[in-house]
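The next block holds one structure in the form of structure tokens; read it before the comments.
Just so it is clear, none of the values below were taken in a lab; they were calculated from the coordinates. Since we're looking at a predicted model, the values are computed, not measured. Glycine also receives a Cβ, built like all others from the backbone with ideal geometry; neighbour counts cover every protein chain displayed.
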Amino acid sequence: MAKMLVGGPPLVFLLVFFAAPSMIMVLSSFRFPGEFGGLAPLAAPEGGTGGDYGLTAEAYQFFFSDVIYVEIFLKSFGIAMATTLICLVMAYPLALLIARSEKRFRNLLVLLVVLPFASNFLIRIYAWMIILGPESGFSHFVNAILGVFGIAPVTLLFSPFAVLVGMVYVHLPFMVLPLYTNLEKHDPSLLDAAQDLGATTWQRFWRVTWPLSLPGIFSGSALVFIPVLGMFAVPDILGGTGDILIGNLIKDQFLGTRDWPFGSALSIMLTLAVLSVAGLSTWVARSAMRHGQ
Amino acid sequence: MALLEIREVTKRFGSYTAVDHVNISVQAGEFFTLLGPSGCGKTTLLRMIAGFDLPDSGQILLDGKDMVGTPPEKRPVHTVFQTYALFPHMTVAENIAFPLKMARKPSHEIKLQVGEALDNVRLSDFGHRLPHELSGGQKQRVAFARGLVNRPRLLLLDEPLGALDAKLREEMQIELINLQKNVGVTFVFVTHAQNEALALSHRIAVMNKGSVEQIDEPSKIYSSPRNRFVADFIGKISIMNATVLEAAPSHLKLDVAGLGHVTAAGNQGVRTGDRGVMAIRPEQVRISHPSTDLELKNHFHGKVHDFLYMGDVTTYIVELSNGIRIEALLPNSAPGRAKFFEAGDEVAVSWRHDAGIFLNE
């Protein structure tokens, strides 16, 4: 009874605000778009003229009818994967450094990692617009270096590169935190034991620290990969016209072209894709940990 | 040549001297124990032998070779850690194979040696288990097997039995003795449990405040402690202030404050007039009814102050007429009878002429 009192409200909250809307999304993805946006009614109104009513898989057919949508999906996955990898490569040494630093400094260092959250997300992205802009010192610097090698100047802003930089910048803390939480718990005597039994620094990392940090790597990767996949603000601001990702596409269906069924279908496809990636990585993680060494 | 030679080794942490001019030599095949209270420097010494810490001065030689420039991973020395430090993500077999893999042994040889090592610790059916699926005693045995599998010149054991309950501890002690006998690897064992040290070791170095107080066989450590610290730390002992009245090679005549003349074991280094303490083990003291005819040289009357019933034996704390307390151990040999004396009983205590030992302050 007490369990229901404590667990009930959040359960109801999730049912009302997550499960129900999800069902609505599934349903709307199988409907026709309304004449002026939104959804067409399920049944023809009284005295209604022709038009499309009822249920249909047209939205899904449309998705596969043009290769561009699949391409955007693949590109989004590519960006998400690249962001995750870059975040991992950048976050791992940082998390390790924090985890191995003196206890009294650790909380301060973690605070510094999350400090950017204290300022508005959009402001931070706009700041990158200035940093990557053609007149910025950074751009001049990069182009000066490229010039030395005889490479023509490049525009950093409004490019896939800018999108990637923004994505990595925004999501880095989401990789650092779970990694740190994991690494901080490692028993230092395991590294002593490995060294004692003949493992070099490199072997101690690959055979002890790395496999033990796999759960942290997987949760950090999920925390980066999934939001990046749906992110539209960063490509909107930092990307060029050709740098549209799934997030932008979905947003456009609801706010721009007002084709709700197609937007819903895209969302459902994205959810399914994320779920299968998550399922796959869980499976890989489990077997990696079973055979890990 | 000794297998391990520790020469004048000193280690300081800031202003604190953890190990102070220690000299120890360990012979090949020996079961050598570093015994002392926590903070006596025994673990620091062990870490220096393993290579995790470097001495500030002095030398550590293994097979005559100075180990200073050799990092832990390059030393033919393995350690069994207090917490076992088994790799949680590796199976038992993978844990044991680890040192062999690091030594780049061919895989068929690894398989063979791991199987043998599992047999040695009676865990043949547990190779595929993960450490968290094992009991404390099993984990302990895996740690032993992992430390021994690559036949190190020296196996260091850092209070390995500390986490086990009393019953299992005793079992593991016997297992450890057999294991050492079978594999013939030299053991350096660290413990603060004196009974464990006495039961396991060929020789013991008793350490206190960073220094070695005495290195000897267990029986010598117990029966002829060199000083008050060793006497007090190893086993139970009653200690009373005494002055030497007469020093003969065969015996000493002591004046024990408030008790009178006591005859004690002869001790070469003691001279007439020396002041110190007379120490006597509880099991050397006989406790009897005051009326009993006593044929022993040292006998005194007293009253049972308190007693500790321990099942197999009962320790009686007897307060002698002058207020000095002495402990006497009595085996509970009469079936069905828990104790022979009650608190407050008038008793006589007596001991052989050579049972007491005199220790200079």
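Where a ≥ b ≥ c are the square roots of the eigenvalues of the C-alpha gyration tensor, would you call chain A rounded, which needs a/c under 1.5, or, failing that, prolate if a/b is larger than b/c, or oblate? Kindly include the intermediate steps, with their values, before the conclusion.
Numbers: a/c = 2.25, a/b = 1.42, b/c = 1.58.
Here chain A falls in the oblate category.
Using a Gaussian network model of chain A whose springs link C-alpha atoms within less than 10 Å, name the residue from A:SER139, A:SER219, A:SER159 with the highest mean-square fluctuation. Its mean-square fluctuation being the largest, the pick is A:SER139. Spin-label model, A:SER281 to A:TRP206: label points 7 Å out along the Cα-to-beta-carbon direction sit 2.4 nm apart.
For the protein assembly as shown, a simple Cβ point-charge model (Lys and Arg +1, Asp and Glu -1, everything else neutral) yields a dipole of about 760 debye relative to the Cα centre.
For chain A, the relative contact order works out to 27 percent when only alpha carbon pairs closer than 8 Å and six or more residues apart are counted. Would you mind classifying segment B:236-360 by shape? Square roots of the alpha carbon gyration tensor eigenvalues, ordered a ≥ b ≥ c; an a/c under 1.5 is rounded, otherwise it is prolate if a/b is larger than b/c and oblate if not. Note, shape of segment B:236-360 comes out prolate.
Extension gain, B:MET1 to B:HIS128, is 41.5 nm, computed as 0.36 nm per intervening residue step minus the present C-alpha separation. Calculate the length of the line joining the C-alpha centroid of segment B:248-308 to that of segment A:86-145, in whole Å. Centre-to-centre distance over Cα atoms comes out at 77 Å.
Which of B:MET102, A:MET25, B:MET207 has the fewest other C-beta atoms within 10 Å, and how do the rest follow up to the most? Working shown, then result.
Values: B:MET102 19, A:MET25 16, B:MET207 29.
Neighbour counts put them in this order, fewest first: A:MET25, B:MET102, B:MET207.
About the centre of its Cα atoms, segment B:4-228 shows a dipole size close to 260 debye [charges on the beta carbon of Lys, Arg (+1) and Asp, Glu (-1) only; nearest 20 debye]. Counting 0.36 nm for each residue step from A:GLU35 to A:ARG258 and taking away their Cα separation leaves a gain of 79.3 nm. Converting phi to 3J(HN,Hα) with the Karplus coefficients 6.51, -1.76 and 1.60 and the offset θ = phi - 60°, segment B:120-126 yields 3, 9, 6, 10, 3, 8, 10 Hz in sequence order, with x at every glycine or proline. Within the same chain, lysines fewer than 8 places from B:LYS11 are excluded, and of the rest, those with a Cα less than 23 Å from its Cα are B:LYS42, B:LYS65, B:LYS74, B:LYS209. If R0 equals 60 Å, the separation of the Cβ atoms of B:THR17 and A:ILE131 corresponds to a calculated FRET efficiency of about 0.60.
For segment A:179-187, the Karplus equation 6.51 cos²θ - 1.76 cosθ + 1.60, evaluated at θ = phi - 60°, returns couplings of 5, 4, 4, 6, 5, 5, 8, 4, 6 Hz by residue, with Gly and Pro reported as x.
What FRET efficiency would be calculated for the residue pair B:LEU308, B:HIS108, taking the C-beta separation as r and a Förster radius of 56 Å, to the nearest 0.05? Spell out each step's value before the answer.
Numbers: r = 58 Å, r/R0 = 1.04.
Step by step, r from the Cβ atoms, then E = 0.45.
Taking chymotrypsin sites (Phe, Trp or Tyr not before Pro) across segment A:94-133, none is in a DSSP loop with at most 16 further Cβ atoms lying within 10 angstrom of its Cβ. Using Cα springs under 10 Å in a Gaussian network model of chain A, which residue among A:ARG104, A:ARG207, A:ARG31 shows the largest mean-square fluctuation? Checking each option, the largest mean-square fluctuation is seen for A:ARG104. Backbone amide hydrogens, once placed in the peptide plane, bring B:ASN208 within less than 5 Å of B:GLU213, excluding anything fewer than 5 places away on its chain. Counted by neighbouring Cβ atoms within 10 Å, the residues B:THR314, B:THR17 run from fewest to most as B:THR17, B:THR314. Taking amide H atoms as placed 1.01 Å from N in the peptide plane, the amide H of B:THR79 lies under 5 Å from those of B:LEU156, each 5 or more residues away in sequence or on another chain. Here the 3J(HN,Hα) profile of segment B:232-249, calculated from phi with Karplus coefficients 6.51, -1.76 and 1.60 at θ = phi - 60°, is 6, 6, 8, x, 9, 7, 9, 10, 9, 5, 8, 10, 7, 8, 8, 10, 10, x Hz, Gly and Pro shown as x.
What does the structure give for B:139-152 when I average, per residue, the other chain Cβ atoms found within 10 Å of the residue Cβ?
Going residue by residue through B:139-152 and averaging, the value is 1.
Sort out for me the Cα centre separation of segment B:1-62 from segment B:80-122, rounded to whole Å. Using only Cα atoms, the two centres lie 27 Å from each other.
Cβ-Cβ distance of B:GLN27 and B:LEU296, R₀ of 41 Å, FRET efficiency by 1/(1 + (r/R0)^6): the value works out to about 0.55.
Taking only C-alpha pairs under 8 Å that are 6+ residues apart, what is the relative contact order of segment B:236-360 in percent?
On the way: 317 pairs, mean separation 39.1, N = 125.
In percent, rounded to a whole number, it is 31.
Note on segment B:224-313: dipole from Cβ charges, positive end direction compared against B:GLY260, B:HIS305, B:PHE233; the farthest Cα belongs to B:PHE233. In terms of its C-alpha gyration tensor, the protein assembly as shown has a prolate overall shape, because the principal axis ratio a/c (a ≥ b ≥ c, square roots of the eigenvalues) is not below 1.5 and a/b outweighs b/c. Taking 19 Å as the straight-line reach from the Cα of B:LYS167, the lysines in range (excluding those fewer than 8 positions away in the same chain) are B:LYS139.
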